[in-house]
Amino acid sequence: MTPSLSVVIPARNEEGSVASTLLDVSATLRREAISFELIVVNDASTDETAARVEDLSESYPEIRLVHNAGRNGFGMAIRRGIEETRGEAVAIMMADCSDSPEDLVACFRKLQEGYDCVFGSRFVKGGRVIDYPRHKLMLNRMANLFIRLLFGVPFNDFTNAFKLYRREVIDGMQPLIAPHFNLTVEMPLKAIIRGYTFATLPISWTNRKTGISKLKIKEMGSRYLFIVLYLWLERSLARGDYHRRHLYAPASGRVSERRRSSAEA
């Protein structure tokens, strides 16, 4: 049976948290009677991450381990996981327990209202962050403000990975090119400039309790800027060649007003 929801979880050296993440997400989705699959992408881990996932998959058939055997990196791991998804909707979550399974359910229910995408934001009314390092928070807010102003989009948390997309949106945003954390910006921006509808919901984010963050700010600044400017050029010069109206016929029952989400951002 085709699952309603595929959750892609990239993991590199997350032996201390990946099992808790999978158990919490699995229990929550089962309780809510949502058919699902959890696809964990082992991205060149040197610890017991893969073994933890394999052990759980023996008892939980919804959990699948995939190895990213090609070029490594956060974005490459997500792209590898997306290749394995079978669900009608695709969610991106972290393996470090930073994302809330309850938020995943709320965003999936919102998607079922007819939106093409649902973006979680930590920085709208009702959202919250716990133990966010101050210097990272300041850089985060500046980067998101820059993107929001450049594109004129009513959304303020592009750099967070936690987002949900319908299957046709994943197909419509191809090709994905970002190999690192800048994929978190590429995916929602592509969805927006290519004409897909979105809603914004408040979410919570909790800093990891185990392991080490893989995001290296000094390395990522230029990569974020590259993907932002790349997509700004697409919007400015591509003359709508990649817009959804050129890719798909209008789907019946879908939300037609892209800006409907502005009141929620």
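Scanning the range 147-176 for residues that are open to solvent by 60 Å² or more (accessible area, probe 1.4 Å) and touching a Leu at 6+ places or on another chain (Cβ under 9 Å) returns a single hit, D171.
Residues in the range 16-38 that are at pLDDT below 95 and either closer than 16 Å to N68 by Cβ or of a type in the set (D, E, K, R) (or both): 0 in all.
Just one of the numbered conditions (1) out of contact with any Lys or Arg (no Cβ under 7 Å at 6 or more places or on another chain); (2) farther than 21 Å from C107 by Cβ; (3) open to solvent by 20 Å² or more (accessible area, probe 1.4 Å) is not true of S57: (1).
Going by the structure shown, is A33 small (G, A, S), open to solvent by less than 10 Å² (accessible area, probe 1.4 Å) and under 21 Å from V90 (Cβ atoms)? Answer is no for this residue. Does the range 73-86 contain any residue that is open to solvent by less than 40 Å² (accessible area, probe 1.4 Å) and of a type in the set (D, E, K, R)? For the range 73-86, residues open to solvent by less than 40 Å² (accessible area, probe 1.4 Å) and of a type in the set (D, E, K, R): absent.
I'm told A251 meets every condition in (1) open to solvent by 40 Å² or more (accessible area, probe 1.4 Å); (2) modelled with pLDDT of 95 or more; (3) under 22 Å from F108 (Cβ atoms); (4) among the aliphatic types (A, V, I, L, M) except one. Can you identify the failing condition by its number? The single condition A251 does not satisfy is (2).
Of everything in the range 81-108 that is part of a helix (DSSP H, G or I) and in contact with an Asp or Glu (Cβ under 8 Å, 6 or more places away or on another chain), the residue that is farthest from I9 (Cα to Cα) is V105. Each residue in the range 112-124 was checked for being surrounded by fewer than 24 Cβ atoms within 10 Å (Cβ to Cβ), of a type outside the set (K, R) and within 15 Å of the chain's Cα centre (by Cα), and 1 pass. None of W205, W232 is modelled with pLDDT of 85 or more, surrounded by fewer than 18 Cβ atoms within 10 Å (Cβ to Cβ) and not basic (K, R) except W232. Of the residues examined, V53 is not one that is β-branched (V, I, T), touching a Phe, Trp or Tyr at 6+ places or on another chain (Cβ under 7 Å) and at pLDDT 95 or above. Filter the range 188-197 down to the residues that are open to solvent by less than 10 Å² (accessible area, probe 1.4 Å) and in a helix (DSSP H, G or I), then identify the one that is nearest to R167 (Cα to Cα). For the range 188-197, the residue satisfying everything is A191. What are the residue pairs meeting all of these: first residue in the range 83-110, first residue on the phi > 0 side of the Ramachandran plot, second residue buried (at least 22 other Cβ atoms within 10 Å of the Cβ), Cβ atoms under 6 Å, and 6 or more apart or on different chains? Every condition considered, the pairs that remain are C97/T21. Answer yes or no as to whether P3 is on the phi < 0 side of the Ramachandran plot, in contact with a strand residue (DSSP E or B) (Cβ under 9 Å, 6 or more places away or on another chain) and surrounded by fewer than 20 Cβ atoms within 10 Å (Cβ to Cβ). The answer is yes for P3.
The values are calculated or read from the model by the stated rules, or taken from the named source; none is laboratory data. Just so it is clear, the model here is predicted, and its values are computed rather than measured. In this analysis, Cβ positions are derived from the backbone assuming ideal geometry, glycine residues included, and neighbour counts consider all displayed protein chains. To get the accessible areas, we keep the full protein, side chains included, count just its heavy atoms, and leave off ligands, DNA and RNA. Shrake-Rupley method; radii C 1.70, N 1.55, O 1.52, S 1.80 Å.
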